[in-house]
Amino acid sequence: MNAHVQAPATVKTTCPYCGVGCGVLATPDGQGGVGIAGDRAHPANFGRLCSKGSALGETVSLHGRLLHPQVDGARASWETALGTVADALRRVAERHGPDSIAFYLSGQLLTEDYYVANKLAKGFIGTPHVDTNSRLCMSSAVAAHRRAFGSDTVPGCYEDLDEADLIVLVGSNTAWCHPILFRRMIDARAKRGTKLVVVDPRRTQTGEEADLFLGLKPGTDTALFSGLLVHLAATGAVDARYVAEHTSGFDGALERAASIAPSVAATAAATGLAEADVAAFFALFAGTKRVVTAFSQGANQSAQGTDKGNAIINCHLATGRIGQPGAGPFSLTGQPNAMGGREVGGLANMLAAHMHFAPEEVDRVRRFWKAPNIITGEGLKAVALFEAVARGKIKALWVMGTNPVVSMPRADAIRESLRGLDLYVVSEAVADSDTARAVGKTTVLLPALAWGEKDGTVTNSERRISRQRAFLKAPGEARADWAIITDVAKRLGHGAAFAYPNAAAIFREHAALSAYENNGARDFDIGALADIPDAAYAGSAPLQWPLPKRGKARARLFADGRFYTFDKRARFVAVQAPALAQAVTEDTPFVLNTGRVRDHWHTMTRTGKSQRLSAHRAVPFVEIHPDDAARLGLAEGDLARVSTPHGAAILEAMLADGVRPGNLFASFHWSDATASDARVGALVRGVPDPVSGQPELKATPAALGPAPYRSRGFLLTRAEHTPPAGWWWARATVEGGSGLQFATQESSRAVALAMRGLFQGLELAEYADHARGHYRCAVYDGNRLVACLAFAPSAARPAWDLAKAIFAQTELEPSARRALLSGRAETASAGPTVCACHGVGLDVIAGVIAAGAGSVEAVGAACKAGTNCGSCIPEIRKLLPQVLARNAA
Ligand SMILES: Nc1nc2c(c(=O)[nH]1)N[C@H]1C(S)=C(S)[C@@H](COP(=O)(O)OP(=O)(O)OC[C@H]3O[C@@H](n4cnc5c(=O)[nH]c(N)nc54)[C@H](O)[C@@H]3O)O[C@H]1N2
Ligand SMILES: Nc1nc2c(c(=O)[nH]1)N[C@H]1C(S)=C(S)[C@@H](COP(=O)(O)OP(=O)(O)OC[C@H]3O[C@@H](n4cnc5c(=O)[nH]c(N)nc54)[C@H](O)[C@@H]3O)O[C@H]1N2
Ligand code: SF4
Ligand SMILES: [Mo]
């Protein structure tokens, strides 16, 4: 190697996906690519990364990026685009008042971006209508914290998971959605015998790993935790002194709990659980001092989300298990900067820096910002905000860093409502998200810097502020979100208040506001960072708040039993009895639950670029209990139509006995950019929780039936291809190109004709049996395979694993060419991917198990599966007994 070539510099940054907030070492290769490793020095992950974090290097290409501003579909200069935005905002404010302007922000913005957007809207434009996708994510946890603690405070930290003897996971598929924290839990089990209880109507991979799985009826969590409170009181497990000295409202909460679930038997009846399981859970909780109850979307995304949070917190307050090592309620935040959004006040019911709308708070923020148009009350929350767009009350909407046309409930109606906007602005990293494709009367797209290019801070689930650092240069004309916002502020005449030279200056102001006239009255105080010099900000190590100027940092809050209510006592909350927001009907007899898969992130604008991450679940699916499927004549892999009064989707049936009979589970990851008929958000009703306004996304009554297509097939191409209208399809990135699974009413003859048309001038190797409707085709350019297709009647739907493996090769052996035409491998194939990191398939893993690998470790030693990020270990663990049993039979 040339001695003068500099070794590439490694940059410490933070993963842009989940709220675990893992530290990442990024080593750019100088050609737009990057090597990724876990940061051993980061206290969230100590060097580990999950499948999504490990594959970050596959997602930074510029393919599909929005690189230039656009106005009404045409490329425009920044000058024109920002002028259009500022002029229209001014016009709308003059004609209809500033409160006809709304902002819809995201927990994936950096704190600095979030801070200036919130400041511009609430202090300078003067509109309260600023909400964020965090409304759909953890606003119920925020509301529960505020009701119980008087502040939105997460009391605990990740070390509590290492030090707990019992971890209760409520509505959390931690193994897939917070994988690195899940690894810490599994480590704790190995180290100290920590027990794991999982509460979820669906037996997920997390549930598979549990010591006790509680597959309760959807929406009945408040009954379970009411029953627990009653049990704690009845068995002397209540810490009476703690309750007397540090709390209020215990009697009322207990009385209510007793009216909901007076006994183990009543709890079992209300939740649909076995009495023995309920009793076992109650005994475990009562008898274990170090308990962490971690909750996420199965609790939050519920028409009773706030009550679910408080029902959990009640049990921790009753036992004094809060703010102590290894004990406390713990809200797992979803997005990388969900917590930062709360810090800046990005939700419609907050003002800024954990201040709300008490007159002295409004006045304080006004003085600090020198704000000419400070708002004085709450704005509309996401669901109501988009309803106001539909009604024409909101005339201008600026969406930043979120894809609501996919992720909002009733997403079809959301898309439709945007048409009426006088001004529709989208700050985006990608060009063709469904939200970027939607249009208002005037539509402006603003290209934002993405992960690896932008620079600022994020705060994870344990209140730890970490730096996201740039290691790639800004592509095209993309700019930092904060820079875009401050430029619009300047055009609106607010230059002086938005004259930030860099992200560090914004951070300092944010830190200063947190400390402003605080004196310990507000939990969020990072005053110690208010004067942080640029160089120290640039090099800053991860820091946990609170971090006041005077006083010390604390990993846990409330250890002293003092809370942020006026009398410093925590509040017990009397919760409501469980009831689904909407009951099932004859026409919609199923309860549709929605959520996530292991390897995709939300609307897939980033993880969808990675072939490794696209292999685990390549097709939009609906999990159905086998009994329901049998009744409806649906077999594994059939296409099924799921519908509600709000929308419909066509998804592959996945038979899963982990789903309760009568329930369905689908992912909201697919959009119009990646599939023809799989925008699951369109089906979801989204009834808001009365306290938090967070919509119910886990229980919409739905109908289910077969979606018959004559034929099914797949097509692998080097460049992306979209089938004709009327075909069902789903696209996934594959090694070396793009893969489509499709279904159609067309004949094999028509498909053969289409292939010949599509690949004119190239060599087509074809196998056709049109009488039986079978057709296979491989397209070559010289020796290079450029496309390959297989097509058959739906009942004989071809699998693509073998073709995918061949498509990834550069030089094809004659046996591979033959295999493409016969559809049969001459050597063993790998099967569907289980281990994304090492690309190890199911058949390979089953093979090594059959050959004697009897444990997760042995499987890893034999074929490397599960040895990198460990996200697939639960799947391997599940496979072991199955294969061993099959072998023994
Ligand atoms: N792989 C991956 N990881 C992610 C994300 C991603 O997109 N992909 N997104 C991140 C974000 S933003 C978030 S918010 C988190 C979400 O993380 P999680 O909350 O763990 O994920 P979900 O799949 O949305 O829902 C969790 C579980 O709630 C269950 N549930 C449904 N109804 C009920 C109920 O009534 N009671 C109970 N107890 N449970 C119920 C569902 O069956 C589901 O298994 O994940 C983060 N991490
Ligand atoms: N049915 C159903 N719906 C759900 C959920 C569910 O469980 N079920 N979960 C809800 C939850 S918890 C969440 S958090 C939401 C998530 O839903 P969304 O926020 O809509 O999903 P993302 O795909 O993360 O959208 C982020 C967008 O920002 C863009 N982007 C990336 N980086 C940047 C940047 O630096 N700047 C800007 N301006 N843009 C950027 C991405 O390309 C992408 O289009 O979905 C919610 N919706
Ligand atoms: S657990 Fe995975 S997705 Fe979450 S921050 Fe860590 S590496 Fe990123
Ligand atoms: Mo989320």
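The values are calculated or read from the model by the stated rules, or taken from the named source; none is laboratory data. Everything numeric here is computed off the predicted structure, so don't read it as measured data. No Cβ is skipped: glycine too gets one built from the backbone with ideal geometry, and neighbour counts run over all protein chains shown.
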What number of residues within the stretch 599-624 satisfy the criterion of being within 16 Å of ligand 4 (Cβ to nearest atom) and not in a loop (DSSP other than H, G, I, E, B)? 1
Quick check on my filter: what residues within the stretch 594-616 are more than 16 Å from ligand 3 (Cβ to nearest atom) and not hydroxyl-bearing (S, T, Y)? Q611, A615
Looking at (1) more than 9 Å from ligand 2 (Cβ to nearest atom); (2) in contact (Cβ under 8 Å) with a residue 24 or more places away in the chain, which is the one condition that is false for W601? (1)
Does A26 fit the bill of being away from ligand 1 (no atom under 16 Å from the Cβ), outside any loop (DSSP other than H, G, I, E, B), closer than 30 Å to T443 by Cβ and touching a residue at least 40 places away in the same chain (Cβ under 8 Å)? no
Look through A703, A699, A743 and report the one residue that is within 25 Å of the chain's Cα centre (by Cα) and at pLDDT 95 or above. A699
Being closer than 25 Å to Y242 by Cα, charged (D, E, K, R) and not assigned by TED's automatic domain parsing to the domain that holds G341 narrows K568, K549 down to just K568
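Can you tell which of A348, A318 is away from ligand 1 (no atom under 16 Å from the Cβ), out of contact with any Asp or Glu (no Cβ under 6 Å at 6 or more places or on another chain) and within 25 Å of H145 (Cβ to Cβ)?
Details: A348 fails: out of contact with any Asp or Glu (no Cβ under 6 Å at 6 or more places or on another chain).
From the options A348, A318, the qualifying one is A318.
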Restricted to the stretch 318-345 and to residues being more than 16 Å from ligand 4 (Cβ to nearest atom) and hydrophobic (A, V, I, L, M, F, W, C), the residue nearest to M138 (Cα to Cα) is V344
Reported set for the stretch 225-240 where residues are assigned to a helix (DSSP H, G or I) and without any contact (Cβ under 8 Å) to a residue 60 or more places away in the chain is G227, V230, H231, A234, A240
Within the stretch 293-321, work out how many residues are more than 16 Å from ligand 3 (Cβ to nearest atom), within 22 Å of the chain's Cα centre (by Cα) and not in a helix (DSSP H, G or I). 6
Just one listed residue, out of G57, G21, G32, G47, is of a type outside the set (D, E, K, R), away from ligand 3 (no atom under 13 Å from the Cβ) and out of contact with any Phe, Trp or Tyr (no Cβ under 9 Å at 6 or more places or on another chain), and it is G32
Selection within the stretch 322-335 - more than 15 Å from ligand 2 (Cβ to nearest atom) and either in contact with a Ser or Thr (Cβ under 8 Å, 6 or more places away or on another chain) or part of a strand (DSSP E or B) (or both): Q324, A327, G328, P329, F330
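Within the stretch 772-792, can one find any residue that is in a helix (DSSP H, G or I), outside the structural domain of S51 (by TED's automatic domain parsing) and not polar (S, T, N, Q)?
no
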Subset of the stretch 212-259, residues crowded, with 18+ Cβ neighbours inside 10 Å, within 16 Å of ligand 1 (Cβ to nearest atom) and farther than 14 Å from I312 by Cβ, comes to F213, G215, K217, P218, G219
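Assess whether Q582 counts as being closer than 30 Å to G156 by Cα, of a type in the set (S, T, N, Q) and either within 16 Å of ligand 1 (Cβ to nearest atom) or assigned by TED's automatic domain parsing to the domain that holds K878 (or both). Break it down into steps so the answer makes sense when it comes.
Numbers: closer than 30 Å to G156 by Cα: no; of a type in the set (S, T, N, Q): yes; either within 16 Å of ligand 1 (Cβ to nearest atom) or assigned by TED's automatic domain parsing to the domain that holds K878 (or both): yes.
No; evaluated as a whole, the condition is false for this residue.
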So, S643, is that one assigned to a strand (DSSP E or B) and polar (S, T, N, Q) or not? yes
Using the structure shown, decide if A470 is part of a helix (DSSP H, G or I) and of a type in the set (A, V, I, L, M). no
So which helices (runs of 4 or more DSSP H) stay within the stretch 36-150 end to end and still have 1 or more residues that are closer than 30 Å to R598 by Cα? 51-54, 111-119, 139-149
How many residues, within the stretch 166-204, are more than 16 Å from F281 (Cβ to Cβ), among the hydrophobic types (A, V, I, L, M, F, W, C) and either within 14 Å of ligand 2 (Cβ to nearest atom) or assigned to a strand (DSSP E or B) (or both)? 2
Would you confirm, using the coordinates I've provided, whether S417 is polar (S, T, N, Q), more than 16 Å from ligand 1 (Cβ to nearest atom) and under 22 Å from V680 (Cα atoms)? yes
Helices (runs of 4 or more DSSP H) enclosed by the stretch 819-889 - at least 2 residues per element that are free of Cβ contacts under 8 Å to residues at least 12 places away in the same chain and not assigned by TED's automatic domain parsing to the domain that holds A618: 856-863, 873-888
Looking at the stretch 131-146, is at least one residue more than 26 Å from the chain's Cα centre (by Cα) and either more than 16 Å from ligand 4 (Cβ to nearest atom) or assigned by TED's automatic domain parsing to the domain that holds V85 (or both)? no
Criterion violated by G476 - all others in (1) assigned to a loop (DSSP other than H, G, I, E, B); (2) in contact with a Pro (Cβ under 9 Å, 6 or more places away or on another chain); (3) surrounded by 14 or more Cβ atoms within 10 Å (Cβ to Cβ) satisfied: (3)
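Residue-wise test of (1) buried (at least 24 other Cβ atoms within 10 Å of the Cβ); (2) assigned to a helix (DSSP H, G or I); (3) of a type in the set (F, W, Y).
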{"residue": "M339", "(1), (2), (3)": "yes, yes, no"}
{"residue": "G346", "(1), (2), (3)": "yes, no, no"}
{"residue": "E361", "(1), (2), (3)": "no, yes, no"}
{"residue": "A371", "(1), (2), (3)": "no, no, no"}
{"residue": "I374", "(1), (2), (3)": "no, no, no"}
{"residue": "G379", "(1), (2), (3)": "no, no, no"}
{"residue": "K393", "(1), (2), (3)": "no, no, no"}
{"residue": "L397", "(1), (2), (3)": "yes, no, no"}
{"residue": "V406", "(1), (2), (3)": "yes, yes, no"}
Evaluate the stretch 154-168: report whether one residue or more is touching a Gly at 6+ places or on another chain (Cβ under 8 Å), at pLDDT 95 or above and within 16 Å of ligand 4 (Cβ to nearest atom). no
When both residues are 6+ apart or on different chains and their Cβ atoms are under 9 Å apart, which pairs have a first residue that lies in the stretch 403-419 and is touching a residue at least 24 places away in the same chain (Cβ under 8 Å) and farther than 21 Å from N593 by Cβ, and a second that is more than 16 Å from ligand 4 (Cβ to nearest atom) and basic (K, R)? V405/R415; V405/R437; V405/R679; S417/R391
Starting from the stretch 378-394, take each residue that is within 9 Å of V130 (Cα to Cα) and list its partners that are modelled with pLDDT of 95 or more and in a helix (DSSP H, G or I), counting only C-beta distances under 6 angstrom and pairs at least six apart or across chains. L380/A388; K381/R135; A382/R135
Set R710, R679: member being basic (K, R) and surrounded by 24 or more Cβ atoms within 10 Å (Cβ to Cβ): R679
Filter the stretch 723-746 down to the residues that are farther than 17 Å from L613 by Cβ, assigned to a loop (DSSP other than H, G, I, E, B) and not small (G, A, S) and list them by number. P723, P724, W727, Q745, E746
